[in-house]
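Worksheet for the structure shown next.
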Amino acid sequence: MKLHEFQSKKIFKEMGIPVPAGQLVLSTDEVEKALNTISGPPWVVKAQVHAGGRGKGGGVRIVRDLEEAVSAVEALLKAPLVTPQTTAEGVPVRRVLIEEGMNIEREFYLGMTVDRSAAMPTVIFSQAGGMEIEEVAARTPQLIQKEYVNPATGWMPYQARNLLFSLDSVPSPEIMRGLTSVMRKMYGLFLKLDCSLVEINPLVITKEGKVSALDAKITIDDNALFRQKELASLDDPEEKDPLERMAGEYNLNYIRLDGNIGAMVNGAGLAMATMDVIKLAGAEPANFLDVGGGATEEMITKGFEIILHDRRVKAILINIFGGILRCDVLARGVIEAARKNEVTVPLIVRLEGTNVESGRKILNESDLEFLVAGDLSEAAELVAKQV
Ligand code: GDP
Ligand code: MN
């Protein structure tokens, strides 16, 4: 679950990580009051959307008076924001953060995530702050430093020194203390809130010698939300892809991809294998959809509906290995969805396992048109041929 910048900064502040003074506004009426409470000019007006790259897309604007601030807020709320990380249609902006402007002397990148291959939390630091870290990693990997955190010892002060002494020019002792304090507090926050990502880009040193988190990004591990109840209320479902949101409501593991073959599969491993064979057959999957081992008829219906609602999908492959999920339950769910939504694209079905005969019978006796594949590779070849 992703948090907005203003939500992340509130948490930073509570944990003692310095952030610029700021105020959230929902309309132009609130701008004057906000400016009166924040020192400036200049002020910085920032669109609050989950997508990054706002700076490049005009979502971060520096303003010098009330008039400029009002027109910047108005412009942001009026039209969808397009950034390198959104689609061409962009995303609607419903909230704007107004902050005190900072005189930037240096910009750093500081991030923390779990490195799955090392099986350890990892702190990532770079003197190339303010730029997209993926780009820095691709072009100038030598500018990125990492420290793995041993979960038994936690973050150690020497690790902060390792990162900071790797800088081309080492800051003054006072600023070093500021930066090490941010690193220590960030690790505390990462653990306490069950984060999968905490990112400050840029973390700046101002001309006045202050350390400040100019941007803030926190992602909470969804699997920990049961014990992070306060954070769960910060969820903003409107920021999610509508089909992913619908999938979330029914506990379906659904991820949108770029291709045009819709796939409905039970089990994450089988879903991965199905995507592999679709690619092997020369086609591209439009989604990953694992309905899960114990899917109910209703979940199957919703899963199939999600794929039918995706207008990019040109053919659908249903690949089910019935174990706990019985093939007759699957068949009834698919027919229920097909009754409510017209199926206008070719449908390929591969069924095996528990109650497969009755599942096939139910499908055959319906008016649903579909092709039957004997095995997985035949299914993939059949579906690839349809597009
Ligand atoms: P992102 O593009 O979505 O990551 O948004 P950021 O919050 O990182 O803002 C983009 C850029 O705007 C930053 O890298 C800074 O260079 C610039 N910026 C943000 N706040 C300020 C500020 O207070 N003063 C100045 N001069 N620049 C700022
Ligand atoms: Mn940023």
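The values are calculated or read from the model by the stated rules, or taken from the named source; none is laboratory data. On a predicted model such as this, the values are computed, not experimentally measured, just so you know. Positions of Cβ are generated from backbone atoms using ideal geometry, with glycine treated the same way; all protein chains shown enter the neighbour counts.
A few points about this structure:
- Here E239 meets each of (1) modelled with pLDDT of 95 or more; (2) within 16 Å of ligand 1 (Cβ to nearest atom) with one exception, condition (1).
- In the stretch 245-257, the qualifying residues are those that are at negative phi, of a type outside the set (F, W, Y) and outside any strand (DSSP E or B), and the one that is surrounded by the most Cβ atoms within 10 Å (Cβ to Cβ) is A247.
- Residue check, R95 more than 12 Å from ligand 2 (Cβ to nearest atom), crowded, with 20+ Cβ neighbours inside 10 Å and within 26 Å of A21 (Cβ to Cβ): no
- Yes/no for Y109 being at pLDDT 95 or above, more than 19 Å from F6 (Cβ to Cβ) and within 13 Å of ligand 1 (Cβ to nearest atom): yes
- Residues in the stretch 59-75 that are within 16 Å of ligand 2 (Cβ to nearest atom) and either farther than 22 Å from G129 by Cβ or over 22 Å from the mean Cα position of the chain (by Cα) (or both): R61, I62.
- Of the residues K56, K33, K46, the single one that is within 14 Å of ligand 2 (Cβ to nearest atom), exposed (fewer than 15 other Cβ atoms within 10 Å of the Cβ) and either more than 30 Å from the chain's Cα centre (by Cα) or outside the structural domain of L231 (by TED's automatic domain parsing) (or both) is K56.
- The condition (being assigned to a loop (DSSP other than H, G, I, E, B), farther than 22 Å from D236 by Cα and of a type in the set (G, A, S)) is satisfied by just one residue among G130, G57: G130.
- Cross-chain or 6+ apart pairs with Cβ under 9 Å, the stretch 239-260 first and outside the structural domain of G90 (by TED's automatic domain parsing), then surrounded by fewer than 17 Cβ atoms within 10 Å (Cβ to Cβ) and among the aliphatic types (A, V, I, L, M): E244/I255; A247/I255; N253/A268; G259/V387; N260/V387
- With respect to the conditions (1) within 10 Å of ligand 1 (Cβ to nearest atom); (2) part of a strand (DSSP E or B), Q23 falls short on a single one, namely (1).
- In the stretch 20-30, the qualifying residues are those that are surrounded by fewer than 20 Cβ atoms within 10 Å (Cβ to Cβ) and not hydrophobic (A, V, I, L, M, F, W, C), and the one that is nearest to ligand 2 (Cβ to nearest atom) is Q23.
- Among the candidates Q145, Q127, residue that is outside the structural domain of P84 (by TED's automatic domain parsing) and within 16 Å of ligand 1 (Cβ to nearest atom): Q127
- Subset of the stretch 258-279 [surrounded by fewer than 16 Cβ atoms within 10 Å (Cβ to Cβ), within 21 Å of K314 (Cβ to Cβ) and at pLDDT below 95]: D258
- Selection status of T180, assigned to a loop (DSSP other than H, G, I, E, B), without any contact (Cβ under 8 Å) to a residue 40 or more places away in the chain and away from ligand 2 (no atom under 16 Å from the Cβ): no
- Top-ranked residue in the stretch 130-142 [being among the hydrophobic types (A, V, I, L, M, F, W, C) and within 16 Å of ligand 1 (Cβ to nearest atom); ranked as surrounded by the fewest Cβ atoms within 10 Å (Cβ to Cβ)]: A137
- Residue within the stretch 29-36 that is part of a strand (DSSP E or B), of a type outside the set (G, A, S), at pLDDT 95 or above and more than 10 Å from ligand 1 (Cβ to nearest atom) present: no
- Filtered by the rule that a residue be within 26 Å of E199 (Cα to Cα) and either without any contact (Cβ under 8 Å) to a residue 24 or more places away in the chain or near ligand 1 (Cβ under 10 Å from one of its atoms) (or both), the stretch 59-80 gives G59, V60, R61, I62, V63, P80.
- Every residue from the stretch 158-172 that is within 20 Å of I205 (Cα to Cα) and either surrounded by fewer than 11 Cβ atoms within 10 Å (Cβ to Cβ) or free of Cβ contacts under 8 Å to residues at least 12 places away in the same chain (or both): F165, D168, S169, V170, S172
- Hey, R350 charged (D, E, K, R) and surrounded by fewer than 19 Cβ atoms within 10 Å (Cβ to Cβ) or not: no
- Of the criteria (1) within 16 Å of ligand 2 (Cβ to nearest atom); (2) in contact with a Cys (Cβ under 9 Å, 6 or more places away or on another chain), which one L189 fails: (1)
- Residues satisfying the criterion are absent from the stretch 204-222 (criterion: outside any loop (DSSP other than H, G, I, E, B) and either without any contact (Cβ under 8 Å) to a residue 40 or more places away in the chain or closer than 21 Å to R326 by Cβ (or both)).
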